[in-house]
Amino acid sequence: MDQFVQLGDWRELLKLFEKKQHTVLGLMSGTSADGLDIAQVKFSWDKQLNFDLMNAVTVSYEISFKEKITKAYDKNFSNVEYVTLLNYEIARKHAEIVKKFDFQCDFVAYHGQTVWHTPTQRATLQLGEADVLAVELKKPVIHGFRTKDVALDGEGAPITAYFDWAFLMGSDVSTAVLNVGGIANITAIGVNGELIAFDTGPGNCLMDIVVRNFFAKEFDEGGSLSRTGKANPDLLQKMIEHERKYIEKKPPKTTGREVYNLSFLEEVGALKPLQPADLLRTIVMFTARMVKENVTLHLPHVKKFIVTGGGAYNQTLLEDLEQAGFEIKLLEKRLIDFREAIAIAFLGEMFVKSLAPAKTVTGAKRSCVMGKLSLPW
């Protein structure tokens with residue numbers, strides 16, 4: 001057939017996937033839309049799977065690009081043209097960033113940028129066209145890790161729980177992993193040995209809104225700003241009661257920035273005449289209380305947290321969690337910072353080995369191999 005030319009070889013691709021050792025680039029951009037995390041991870045198979053974090057870097061976005069992303073979260077601003085163009089722009093930006101580093105890999109595991117996540121309506125959307133990365137980086141790209149889970153009536157999150165389960169959690173059921181990114185989520189083992197993971201509520205997202213609007217900074221570094229304020233007990237209780245339905249909902253459950261945003265603060269009356277430092281302090285305590293309320297109700301045996309994500313550096317938040325009765329353990333800095341990117345690389349490795357988690361945490365009807373494949377051919 002002279003009309004066609006063979007550009008790729010499936011047999012060679014399968015040989016690549018069947019190797020006992022892979023170097024994977026995990027790419028993660030969280031809901032905070034601060035930048036792109038890149039983790040170069042080596043996975044090796046012996047009797048069990050092992051990983052080695054070879055290199056890791058975070059590249060911050062320009063303010064204008066971050067604002068473009070966060071505008072996509074706003075259904076009063078965004079539209080189909082905006083989302084379509086942004087889908088390709090994000091991918092081109094990510095490819096441009098990755099190409100600045102000489103990180104060799106066998107393939108790329110790509111999370112993309114979540115802009116809308118509504119599992120109750122059986123839908124989720126991550127932007128960043130994977131074919132752009134495959135073409136630009138000349139590597140196979142595994143992506144779309146959430147969509148099949150949602151297709152199986154799952155929450156599609158928190159999918160990083162499988163990495164926690166495989167590598168971070170020991171046999172002590174009183175210890176859980178608490179990740180505080182834009183949204184806070186927890187991974188734990190239930191009293192009957194079942195794997196449990198769910199979002200507890202806001203992580204840094206509400207704090208960041210207050211800091212940007214009232215302090216002209218991007219985030220509360222080290223909790224230094226919130227430490228100067230005093231929590232307002234009336235507002236705190238009003239926020240907790242506002243979220244009572246979510247607190248009482250049994251896992252699996254997820255939430256996101258489509259819930260915890262400026263409209264949320266307006267609805268609970270948080271923007272009325274409080275001093276900015278007092279408002280920020282109240283929101284930090286609210287974040288910790290949401291963790292406490294959820295854990296007390298759904299995981300009463302959990303007494304210790306391995307804290308990861310940006311919130312692990314917020315001393316005010318950590319003190320609130322300790323005051324709530326939890327023992328706090330911090331990992332080495334690279335694991336705190338790059339847990340999610342490593343977890344995405346891990347899901348990519350699971351995909352090429354056609355492995356699915358033996359236990360699911362999302363409420364999906366069955367376990368599944370998460371991900372899709374984009375080729376550079």
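Of note:
- Residues that are under 14 Å from residue 256 (Cα atoms) and open to solvent by 10 Å² or more (accessible area, probe 1.4 Å) were ranked within the stretch 122-156; the one that is modelled with the lowest pLDDT is 155.
- First in the stretch 43-70 and within 23 Å of residue 258 (Cα to Cα), second anywhere and part of a loop (DSSP other than H, G, I, E, B), Cβ under 6 Å, 6 or more apart: 66/33; 69/33; 70/33
- Here residue 213 meets the list (1) open to solvent by 70 Å² or more (accessible area, probe 1.4 Å); (2) at pLDDT 95 or above almost entirely, failing just condition (2).
- Number of residues in the stretch 260-284 that are within 27 Å of the chain's Cα centre (by Cα), in contact (Cβ under 8 Å) with a residue 12 or more places away in the chain and under 27 Å from residue 77 (Cβ atoms): the value is 11.
- Residue, nearest to residue 333 (Cα to Cα), within the stretch 18-31, restricted to residues that are open to solvent by 20 Å² or more (accessible area, probe 1.4 Å) and touching a helix residue (DSSP H, G or I) at 6+ places or on another chain (Cβ under 8 Å): 30
- Residues that are open to solvent by less than 70 Å² (accessible area, probe 1.4 Å) and within 13 Å of residue 284 (Cβ to Cβ), drawn from the stretch 216-240: 220, 222, 223, 224, 225, 226, 229, 231, 232, 235, 236, 239
- Restricting attention to the stretch 317-338, the residues being under 16 Å from residue 300 (Cα atoms), surrounded by fewer than 13 Cβ atoms within 10 Å (Cβ to Cβ) and acidic (Asp, Glu) number 1.
- The set of residues from the stretch 104-120 being under 22 Å from residue 73 (Cβ atoms), touching a residue at least 60 places away in the same chain (Cβ under 8 Å) and open to solvent by 10 Å² or more (accessible area, probe 1.4 Å) comprises 111, 114, 116, 117, 118, 119.
Yes or no, residue by residue, for (1) touching a helix residue (DSSP H, G or I) at 6+ places or on another chain (Cβ under 8 Å); (2) closer than 22 Å to residue 196 by Cα; (3) in a loop (DSSP other than H, G, I, E, B):
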position: 300; (1), (2), (3): no, yes, yes
position: 312; (1), (2), (3): yes, yes, no
position: 341; (1), (2), (3): no, yes, no
position: 358; (1), (2), (3): no, yes, yes
position: 369; (1), (2), (3): yes, yes, yes
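- The residues of the stretch 323-339 that are within 21 Å of the chain's Cα centre (by Cα) and assigned to a strand (DSSP E or B), listed by number, are 328, 329, 330.
- Residues that are surrounded by fewer than 22 Cβ atoms within 10 Å (Cβ to Cβ) and within 16 Å of residue 158 (Cβ to Cβ), drawn from the stretch 259-290: 259
- The residues of the stretch 170-213 that are acidic (Asp, Glu) and either in contact with a Leu (Cβ under 9 Å, 6 or more places away or on another chain) or over 21 Å from residue 114 (Cα atoms) (or both), listed by number, are 172, 194.
- Subset of the stretch 168-187 that is more than 12 Å from residue 308 (Cβ to Cβ) and touching a helix residue (DSSP H, G or I) at 6+ places or on another chain (Cβ under 8 Å) - its residue that is surrounded by the fewest Cβ atoms within 10 Å (Cβ to Cβ): 182
- Selection count where residues are touching a residue at least 40 places away in the same chain (Cβ under 8 Å) and surrounded by fewer than 19 Cβ atoms within 10 Å (Cβ to Cβ), scope the stretch 241-258: 4
- Residue in the stretch 44-54 that is closer than 20 Å to residue 126 by Cβ and loosely packed, with under 14 Cβ neighbours inside 10 Å present: no
- Taking the conditions (1) open to solvent by 40 Å² or more (accessible area, probe 1.4 Å); (2) modelled with pLDDT of 95 or more; (3) over 15 Å from residue 200 (Cβ atoms) in turn, residue 293 satisfies each one other than (3).
- Taking every residue in the stretch 121-141 that is touching a residue at least 40 places away in the same chain (Cβ under 8 Å) and on the phi > 0 side of the Ramachandran plot and pairing it with any residue that is of a type outside the set (A, V, I, L, M, F, W, C) and open to solvent by less than 80 Å² (accessible area, probe 1.4 Å), at least 6 positions away or on another chain, the pairs with Cβ-Cβ distances below 7 Å are 128/87; 128/94; 128/110; 128/112; 128/113; 138/376.
The values are calculated or read from the model by the stated rules, or taken from the named source; none is laboratory data. For clarity, every value in this text was computed on a predicted model and none was experimentally measured. Here Cβ is always computed from backbone atoms with ideal geometry, including for glycine, and neighbour counts include all displayed protein chains. Heavy atoms of the whole protein, side chains included, go into the accessibility calculation; ligands, DNA and RNA do not. Shrake-Rupley method; radii C 1.70, N 1.55, O 1.52, S 1.80 Å.
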